[in-house]
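Worksheet for the structure shown next.
Any read-out appearing in this document is the output of simple, stated calculations on the displayed coordinates, not a laboratory observation. Computed from a predicted model, the values in this text were never measured in an experiment. Cβ: placed from backbone, ideal geometry, glycine included. Neighbour counts: every protein chain shown.
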Amino acid sequence: MVAALYLALSLLAGFSLVQGLWPAVTVLTRLAGAFAVGLVVTGWVAFAAAWAAHGLGAGDATYKGVWVATIVNAGIVVLGRAGLRRSAVAVSRGDLVGVAVALALAGWIMHARLSGSPLSVSLNTWGDTSLHVGIARSFSEGANFPPELPIFSGESIRYHFGFDFYAGSLERAGLPIGWAFNLPGALAFAAVMVLLVEYARHLWRSTAVGVIAAVLFATNSSLAFLRYLDAEGSVGSALSPSTIWNHVGYDGKGPYNGDQISIFMTLNPYLTQTHLMVALVVVLFVGLVVLSSLRGPGRAEWVAPAGRADEAAPSSLPMPLERPALIGLGVLLGSAFWLNGIVVLVMLTFCAVLFYLYGGRARATARPVLAVAAVAVPLFALGADRNNDLLRYAGFLGVLAAVTLATPLRRSLPFLLAAGLIALPQLVWLNGGIGTGGSVSFHTGYLVENFNAADPRSWWDFGKYWWLNLGLMLPLLVLAALRSRKADRKLLAGVMSIFVVGNLVAFGRELGGHNHKVFNLWEILANLLAAYALVRLLTWVWAELPVVRRTVDPFAARVLAGATALIAAVLLLASGVLDYMTLKNDPRYQVFGDRVAAIDWIRDSTDPNAVFLTAYGEVYTTPTLAGRRVYLGGFQPWTAIMGYDNVPREQRIAAFYAAPDQAQACEQLEGTGVDYIEVGYPELNSGAFEANLELFPGGFQTAYSDGVYTYYDARRSCAGVG
């Protein structure tokens, strides 16, 4: 099977590249990195080859791209075959069991969201599935080169489509479309969990901290369970096993229903956005390698000398990277922009802060950095007060530039420059070009309503918002700040820089739908520090409390530690358990349903470049599910959020379907590039416009009809009309 060969060589090539560039990483880090590097390299090679093949007039360009990528990956594997030895993948039995558990959980999650024959999707992932399947199929079944958004034909794509192309290439190689999304999705979800364990092992030599952080990633520490308790009316009913087992619906559904507890803190973003999970694997791998080069492995059992509690562990020697390794790491990060540009930009910022904090120049450069900050911060505040983005850009970029220039440039510049140079063209391209103005702006306070930094009440609302969304994780994070060593506080400062950026910068036109990615990444990293604080607290109560307080019996201390662990587990995991019940019990809907016959005809009988006219505002648009483009379709806010001008197209579509006669209808098609016209229940029963039911069939030439959908040949129908 071509798909199996394509995927296997992608992983092996990724493994070879990781072995060659970053040989010092641990085995589990190497395996997660193999997935990340292999996917990025394979995706870009296949895409470039497919686009080139299409440009040369070849048909089935994506399939040709698959084979080119397969051959390139085979070459990489041959060149790096010396590193493909058994010892390079040898893991302990415990690690093997842990990875198996992570893969099993990830596989179940992916299967629960999208699976079955016929293919069906869970309710809470229903909408986004249409968009991503449409983009993937525009490559596997269509000829979307140069890439356009399938629901807005004729203009360059303004969406990070890299993973959707990869999924499309997997389908074209032979995987069913559900597997094309679920298999990489499961590998990515498990890889994130594995990387969190490796972060904890590197930082504190603690598997327990890593496992707790991985569990927190896979669940939800928010206080959404309080909504559940309130809805059930009584504690007895709420705690009933049958009630919990049959629970349906996320308990925190903000911001779209007015709730302060956000749905973005649940599993939902990872279920609806496979590309986000894949991008997180890439950036977390990059972050771990950078951190390892700046801060060596810690020793959890080491105790600082009296009076020097901030002293780093003596084994904390960094593992500096050679320039090729730094450049390779930067190229990897920059190349992942088309997977999800937001997390790439945020990780780039995080790494710059790490270079500053751990680079050994923080104290020497403190005065100039503070001097710049003394000017830049008031400048930013002035810009916020006057709603002047120019001043805010100057202030924000001033601080970022000062921090970057204060890093050891010989170490930081190769990485930062390589990442920036690779990411910048993608940033311009996927925002529609320089002339569009981009999608980055400033907004203070994220989703806290009417936040005003000068109003103390806003800060109360800010604290309340994050308490509701983080739950016990928030005080654990505070505990980490108070009780951690100096090296850990540096890491915390770096992690909190992500939080600050997310509360100042809006990375899209729809704040909740875009900036949640910043906080998903922040929460993943912050969970590491929260888990560390929890383990230190429990260890102190268990072993040190009887020593510090001799009146405390050791057995009583252990009972207290056990009770504390149980309470913490309930508070941290309750909302997450309910989320899993929601996923298990979510109603399911067929992806293709009564469209199958029409999809088959479109795929087999129309040109891969064909454009269709359909009603707008329909989440599931039949031609896009068949790999074709439509003039305007999909969920109505999607294209507007991406920066497309919907209104003229909406007006033209409404005018076409409401036209009094064929001549006036055909007049509306001029300059649209439309090849086929869809007439079905979405068009005849649209809530957005009132169709002329007498217009069809009239003189329109029928190309296909199955009793549900009818398609008319636009060019034949309008030839000579007018």
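Starting at the first residue of segment 259-266, write each ³J(HN,Hα) from the Karplus equation 6.51 cos²θ - 1.76 cosθ + 1.60 with θ = phi - 60°, in whole Hz, x for Gly and Pro.
Going residue by residue, I get 6, 7, 7, 8, 5, 6, 8, 9 Hz, with x marking Gly and Pro.
Just rank 172, 485, fewest to most, by other beta-carbon atoms within 10 angstrom.
Fewest-to-most Cβ neighbours within 10 Å comes out as 485, 172.
Semi-axes of the equivalent ellipsoid of segment 62-163: what are they in whole Å, largest first, if each equals the square root of 5 times a C-alpha gyration tensor eigenvalue?
33, 25, 11
Give me the angle, in degrees from 0 to 90, between the Cα long axis of helix 647-657 and the longest principal axis of the Cα atoms of the chain, rounded to the nearest 10.
Here the helix axis deviates by roughly 30 degrees.
Give the percent of DSSP beta bridges with both residues in the chain that are antiparallel, rounded to the nearest 5.
75
Peptides 360-367, 98-105, 524-531: what's the order by average Cβ count within 10 Å, highest mean first?
Final packing ranking: 524-531, 98-105, 360-367.
Can you pull the semi-axes for segment 120-188, root of five times each eigenvalue of the Cα gyration tensor, sorted largest first, whole Å?
Working: eigenvalues 78, 43, 21 Å².
Here the semi-axes work out to 20, 15, 10 Å.
What do you get when you divide the Cα radius of gyration of segment 598-672 by 2.2 N^0.38 Å, with N the number of residues?
So the Cα radius of gyration is 1.15 times the expected 2.2 N^0.38 Å.
To two decimal places, what compactness ratio does the chain give when its Cα radius of gyration is scaled by 2.2 N^0.38 Å? Show your work: numbers first, answer last.
Working: Rg = 27.1 Å, N = 722, 2.2 N^0.38 = 26.8 Å.
Against the compact-globule rule of thumb, the ratio is 1.01.
Round to the nearest 10 and give me the degree value, 0 to 90, for the angle of helix 486-504's Cα axis relative to the longest principal axis of the chain.
30
What is the angle, in °, between the Cα long axis of helix 126-140 and the longest principal axis of the Cα atoms in the chain? Nearest 10 is fine, range 0 to 90.
70
Using the beta-carbon distance between residue 647 and residue 365 and R0 = 56 Å, what value does 1/(1 + (r/R0)^6) give for FRET efficiency, to the nearest 0.05?
Computed FRET efficiency for residue 647 and residue 365: 0.65.
Mind jotting down the distance between the C-alpha centroids of segment 534-570 and segment 405-480, whole Å?
37
Please report the base-10 log of the normalised intensity I(q)/I(0) for segment 672-722, using a Debye sum with one equal scatterer per alpha carbon and no solvent, at each q in 0.21, 0.25, 0.27 (1/Å).
-0.80, -1.06, -1.16
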